Amino acid sequence: QVQLVESGGGLVQPGESLRLSCVASGKIFVFDVMGWYRQAPGKQRELVATVTSGGSTNYLDSVKDRFTISKDHFKRTVYLQMNSLEPVDTAVYYCNARIAAMEWWGQGTQVTVSS
């Protein structure tokens, strides 16, 4: 079984930064895609950023110039560096990992951006 554990969320002021981490454990060694999604209250979950096993990245347009996704293969960890945070970024952020048709989700970490 695969487990994803996120960390790094918190309360910050507009303009500040946070770095989220997601550590994978279990018997899967290489995921096809790892990524971050978020869900704000009353809204659908949306894709924030993904990174493939080959290193290709994809971003939600509204975060493209502010967020950076990266991964450490040996640590089985994916990161989301979030800069210039805005109140609209407030949401629960979920880690996701996929291999073919199988996918796994973390429990989520709350990010709140407020003055």
| note | Considering segment 28-56, residues that are among the hydroxyl-bearing types (Ser, Thr, Tyr) and under 12 Å from the mean Cα position of the chain (by Cα), and then whichever is farthest from residue 111 (Cα to Cα), we arrive at 50
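Out of 25, 7, which single residue is at pLDDT below 95 and either within 17 Å of residue 106 (Cα to Cα) or among the hydrophobic types (A, V, I, L, M, F, W, C) (or both)?
Step by step, each of 25, 7 is checked, and only 25 is at pLDDT below 95 and either within 17 Å of residue 106 (Cα to Cα) or among the hydrophobic types (A, V, I, L, M, F, W, C) (or both).
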| remark: Quick count over segment 57-115, residues being touching a Pro at 6+ places or on another chain (Cβ under 8 Å) and surrounded by fewer than 15 Cβ atoms within 10 Å (Cβ to Cβ), is 4
| said: I'm trying to understand the selection: among the residues of segment 71-115, which are in contact (Cβ under 8 Å) with a residue 24 or more places away in the chain and among the small types (Gly, Ala, Ser)? | reply: 84, 91, 97, 100, 106, 108, 114, 115
| request: Scan segment 34-46 and report the pairs whose first residue is closer than 25 Å to residue 72 by Cβ and whose second residue is of a type in the set (Gly, Ala, Ser) and open to solvent by 40 Å² or more (accessible area, probe 1.4 Å), with Cβ atoms within less than 9 Å and a gap of 6+ or a chain change. | output: 34/53
| Condition test on residue 38, is it open to solvent by 60 Å² or more (accessible area, probe 1.4 Å) and either among the hydroxyl-bearing types (Ser, Thr, Tyr) or at pLDDT 95 or above (or both)? | no
| request: Please specify each residue of segment 8-28 satisfying the condition of being open to solvent by 40 Å² or more (accessible area, probe 1.4 Å) and either within 10 Å of residue 95 (Cβ to Cβ) or without any contact (Cβ under 8 Å) to a residue 24 or more places away in the chain (or both). | output: 23
| query | Are there any pairs, at least 6 apart or on different chains, whose C-beta atoms fall under 9 Å, with the first in segment 53-69 and under 15 Å from residue 38 (Cβ atoms) and the second among the basic types (Lys, Arg) and surrounded by 15 or more Cβ atoms within 10 Å (Cβ to Cβ), and if so, which? | reply | 60/38
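The values are calculated or read from the model by the stated rules, or taken from the named source; none is laboratory data. Everything quoted here is computed from the prediction, not taken from an experiment. FYI the Cβ positions are ideal-geometry reconstructions off the backbone, even for glycines, and counts take in every protein chain you see. Ligands, DNA and RNA are excluded from the accessible area calculation, which covers all protein heavy atoms including side chains. Shrake-Rupley method; radii C 1.70, N 1.55, O 1.52, S 1.80 Å.
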